[in-house]
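Trainee: Questions regarding the structure given below will be posed in turn.
The values are calculated or read from the model by the stated rules, or taken from the named source; none is laboratory data. Computed from a predicted model, the values in this text were never measured in an experiment. With ideal geometry, Cβ positions are generated from the backbone for all residues, glycine too; neighbour counts draw on all protein chains shown.
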Amino acid sequence: MPTLNYHHLRYFRAVAHDGHLTRTAERLAVSQSALSTQIRKLEEQIGHALFERRGRRLFLTEAGRIALDHADAIFATGEELLNTLGHGGTTGQRLLRVGSLATLSRNFQIEFLRPLLGRDDVEIVIRSGTLDDLLPGLEAHRLDVVLANVAPGRDVSIPLVSHPIAAQPVSLVGVPDRVGGRASLVQRLREQRVILPATGSGIRAGFDAFADRHGIEPRIVAEVDDMAMIRLLAREGTGLAVVPPIVVSEELASGTLVEAGRFPTLSETFHALTLARRFPNPLLRELLGGTPGTTDDDASPPPATIETGGGQGVRSLPVSPPGRR
């Protein structure tokens, strides 16, 4: 059986990501003809055309897309091999690649990554997007973990491991002028305008159920899918915001915002999504509470306060002190 030429594969991968032969040749300091020859030899070995030309751009064929997916996985595995076996225990800088939902609380992200922040031997790369954007990167080993506040749907085709890593209570918060006086949570929701997470989020579903149980028809002033924007609207006094306290930790500490009450049955759970890997990133082990030599199934949760009703293995992250977002 013929042996795959990884030198040819590396050149193909570079051109596939650039989509332009000239640009790739310049970047790799090789001639276009030499680059074309390497790709042609790979096509002859595989038995399929990998590119089709449209004008000056190169586009992957169906076989090319399959080859690129495999090439990305192969070279990512090679990098993983060096990081895990070749450079483990050395003083070299280690890399953790994190994907995060664009709407996820920045404060939560900071608290999750805090054990690694400021370390000279660690570089953290963070990519934001939707789950549809991030999960392919996880599958192709371009990401080590994806942080989300929603569990992946059952239609996800890749073998994900979902680690529930934190549970946060959900509060009703606002500027002092709006929260002044004595009133129950239900009464405030009936009388005040509210800022809500967008429909489809876990918090919104829980809030809608709470409102239905208590016969509340909320006066919605804004529906927002970005926690940072909810924080800003609450600071402007637009209305009372339904939000986990960690999102507005700085404002609560300074008194700019105050809690008007907490929802007794509503919480937000944060997940770390990974793939089951034989050699997981050791840095991720540190964050998830595992130790070298354990598997995803037997990694224990980090020592932390268990949130009442949050479920076993779910921890409550502290609210950040002033100045941290």
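Trainee: Kindly evaluate L135 against the criterion of being aliphatic (A, V, I, L, M) and assigned to a helix (DSSP H, G or I).
Mentor: Yes: the conditions hold for L135.
Trainee: Here's something else I'd like to know. When only residues in the range 199-216 that are over 27 Å from the mean Cα position of the chain (by Cα) and touching a residue at least 24 places away in the same chain (Cβ under 8 Å) count, which is surrounded by the fewest Cβ atoms within 10 Å (Cβ to Cβ)?
Mentor: Restricting to residues being over 27 Å from the mean Cα position of the chain (by Cα) and touching a residue at least 24 places away in the same chain (Cβ under 8 Å), the top hit is H214.
Trainee: Further question on the same structure: With the range 143-227 as the region, which strands (runs of 3 or more DSSP E) entirely inside it contain at least 3 residues that are of a type in the set (D, E), in contact with a Pro (Cβ under 6 Å, 6 or more places away or on another chain) and not assigned by TED's automatic domain parsing to the domain that holds A73? Full working, then the answer.
Mentor: Details: elements: 145-148, 160-174, 193-197, 219-224.
The strands (runs of 3 or more DSSP E) meeting that bar number zero.
Trainee: What pairs come up if the first residue lies in the range 252-272 and is more than 21 Å from A151 (Cα to Cα) and in the same structural domain as S184 (by TED's automatic domain parsing), the second is assigned to a helix (DSSP H, G or I) and acidic (D, E), and their beta carbons are under 6 Å apart, counting only those six or more places apart or on different chains?
Mentor: Hits for this filter: L257/E251.
Trainee: For the condition of a type in the set (F, W, Y) and at pLDDT 90 or above, what is the one hit in F59, F12?
Mentor: Answer to the selection: F12.
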